[in-house]
Structure formats: C-alpha cells, structure tokens
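The values are calculated or read from the model by the stated rules, or taken from the named source; none is laboratory data. Model, not experiment: these values are computed from the prediction. Reconstructed Cβ throughout: ideal geometry from the backbone, glycine too, with neighbour counts over all protein chains shown.
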Amino acid sequence: MVEFATAGIASTIMLISTFQLAMIMWNYHTMAFVVHEATRFVAVRGVGCTKPGNTCSVNVGTIAHRIDYLGIGIPSSRVNVTLTTDSGAQTLCAPLSSCFSNTTVWPPSSNNDNKTGALITISANYQFQSALLFFWPGAGTQNFGAIGLPASSTQTVVF
C-alpha cells in the first residue's frame, strides 16, 4: 500500500503533466496557425479591394471573427490581438471578442498602409489556464496557473 501510494502520486502527477503539455502544445500551434492564416487573409485584400467596384476589403471585426473561427478550442475572451501596419499604427483587441463589432477598414488607406508591398503584422497572445498547479501536492487553494502563448505573423500586401 505504501509503495503504491508513493508511486501512485508520482504517476498521477506525471500523467496530468503529460496531458497539460499536450494541450499547451496544441493551443500554441493552433494560435500560430490562426495568426498566419489571418495575416494571409488580410494580405490579399489591400488597396485593390478599396477601389470603386470592389467589395473585398476587410475590417477589424471580420479579422477578429476569422481568428475566432479558426481558433478551435481557444476562447476569444482570453486572446489579445494586435494589428500593426507598415507605418506602425496599431489596433488592439484586448480581448479579441471586444473587436467583433469593429467596422474600421484594416489595413487603413491612410499613410498608404494598404498599398501593394506594405507589411502588415498580426500578433496574438493567448493566456492558457493550466490545471497543473491545482493538482500539485501542498498547493492548497491556489488559482490555476496561466501560461502566455504568443504568436506573430508578418506578410506583404499583394493586392
């Protein structure tokens, strides 16, 4: 019984740690994929989409919904997103859900930020809530641990 209790506690912590690490890696790769895809989505909707007769321009709300849609398993209430233009202008969505109704066209046409060849950057930071501290022996009634998972992507506007 004593040997099983000693080995059982260590085995349980190891099992929970393995599952937590797997969840962290899945969320990290999902964030990297989402940010990359959102940046590609915007990069093909630059100055050509704002000309008369074209209706393919995007706004901050569309980008936020795209990130939320592609981010399977990642709650938008714990993701902070920063949209940065070539001139350095930034739009902050903290949390991401706060930008769902934002109708500002992005990248903006001011400072030629939507011209062909301009760089756009989308950065995100997801606060993963780890359950590992909950199961840590002697932790008592502590809060769950938070781990920041950053992701960033820069693309050139092509259209």
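Observations on the structure shown:
- Residue match in segment 50-68 (condition: part of a loop (DSSP other than H, G, I, E, B), small (Gly, Ala, Ser), at pLDDT 95 or above and under 23 Å from the mean Cα position of the chain (by Cα)): no
- A count restricted to segment 69-100 and to residues that are surrounded by fewer than 20 Cβ atoms within 10 Å (Cβ to Cβ) and either touching a helix residue (DSSP H, G or I) at 6+ places or on another chain (Cβ under 8 Å) or not aliphatic (A, V, I, L, M) (or both) stands at 20.
- Taken over segment 118-147, the criterion of being more than 15 Å from Asn80 (Cβ to Cβ), at pLDDT 65 or above and among the polar types (S, T, N, Q) is satisfied by Ser130 alone.
- Selection within segment 82-130 - part of a loop (DSSP other than H, G, I, E, B), β-branched (Val, Ile, Thr) and closer than 16 Å to Arg40 by Cα: Thr85, Thr116
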